[in-house]
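One structure is given below, encoded as structure tokens.
Just so you know, all these numbers are worked out from the coordinates, no wet-lab data involved. These numbers come from a predicted model, not from an experiment. Every residue, glycine as well, gets a Cβ built from its backbone with ideal geometry; the counts of neighbours run over all protein chains shown.
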Amino acid sequence: KKIGMGNIEKRERELTAYAMERLKEVDGIRIYGPKNPELKSGVISFNLENIHPHDVGTILDQEGIAVRVGSHCAQPLMAKFGVSSMVRASFYIYNIEEEIDIMISALKKVKEIFRGIRRAL
């Protein structure tokens, strides 16, 4: 109550805007939903091209980043986007920009791991 819901919402939008900007650095990322952070809550759903969301989630977990993966009980929405599942990152008042930076580094690591796997095949 002391923080105030308006301040919490403002912080969520700041974090979401920061994450949306940083996610542009990740090749092959597809972000679902509005691109304008002002139209989003503290949630970003995305996929990495040619990498299953569960693989992304597993590697992010190994890097200390907690995300949700799956259909998120929204199968009609998944069908609309032509996917079976997505990765979902959420931000709230207790998150900091450095955690987003770590997530971006971890996503780049996911890309490198799968680039190496494809080369080995």
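Quick one: Kirkwood hydrodynamic radius for the chain, alpha-carbon pairs, angstrom, one decimal?
Working: mean 1/r = 0.0662 Å⁻¹.
Hydrodynamic radius (Kirkwood, Cα only) of the chain equals 15.1 Å.
Mind checking the angle between helix 53-62 and the chain's longest principal axis? C-alpha axes, 0 to 90 degrees, to the nearest 10.
70 degrees
Could you work out the relative contact order of the stretch 26-115, using alpha carbon pairs under 8 angstrom and six or more residues apart, expressed as a whole percent? List each step's numbers first, then the result.
Values: 98 pairs, mean separation 27.7, N = 90.
About 31 percent, as a whole number.
Quick one: grab Rg to one decimal and Dmax as a whole number for the stretch 37-85, Cα atoms only, in Å.
11.8, 31
At 1.306 mPa s and 10 °C, plugging the Kirkwood radius over alpha-carbon pairs of the stretch 1-64 into Stokes-Einstein gives what diffusion coefficient in µm²/s?
On the way: Rh = 13.3 Å.
Estimated via Stokes-Einstein, D reaches 120 µm²/s.
I'd like the orientation of helix 97-120 relative to the chain: the angle between its Cα long axis and the longest Cα principal axis, in ° from 0 to 90, rounded to 10.
10 degrees
Each residue of the stretch 26-32 in turn: what ³J(HN,Hα) in whole Hz from Karplus with 6.51, -1.76, 1.60 and θ = phi - 60°, glycine and Pro shown as x?
9, 4, x, 8, 10, 9, 9
Which order do peptides 73-84, 88-99, 43-54 fall in by mean Cβ count within 10 Å, highest first?
Details: 73-84: 11.7, 88-99: 14.8, 43-54: 17.5.
In descending order of packing, they fall as 43-54, 88-99, 73-84.
For the chain, what does the helix formula give at 222 nm: sum of -39500 (n - 2.57) over DSSP H segments with n ≥ 4, over the residue count, nearest 500 deg cm²/dmol?
Taken over the chain, the calculation gives -16000 deg cm²/dmol.
Suppose a student asked you for the relative contact order of the stretch 1-73, using Cα pairs under 8 Å spaced at least 6 residues apart; what percent would you report?
Taking the mean separation of contacting Cα pairs over the length of the stretch 1-73, I get 24 percent.
How much length, in nm to one decimal, is gained on full extension between HIS72 and HIS54, taken as 0.36 nm per residue of separation minus their Cα-Cα distance?
Numbers: separation 18, 0.36 × 18 = 6.48 nm, distance 1.26 nm.
The HIS72-HIS54 span can extend by a further 5.2 nm.
Just how large is the dipole of the chain about the Cα centre, in debye to the nearest 20, putting +1 at every Lys and Arg Cβ and -1 at every Asp and Glu Cβ?
Once rounded to the nearest 20, the dipole reads 300 debye.
Please give the contour-minus-distance gain from ILE3 to ILE29: 0.36 nm per residue of separation, less the Cα-Cα distance, rounded to one decimal in nm.
6.0 nm
Whole Å is fine, so just give me how far the alpha carbon centre of the stretch 102-117 lies from that of the stretch 18-54.
Each part reduced to its Cα centre gives a spacing of 15 Å.
Return the sequence-ordered ³J(HN,Hα) values of the stretch 11-20 in whole Hz as given by the Karplus equation 6.51 cos²θ - 1.76 cosθ + 1.60 applied to θ = phi - 60°, using x for Gly and Pro.
5, 4, 5, 4, 5, 5, 4, 4, 5, 4
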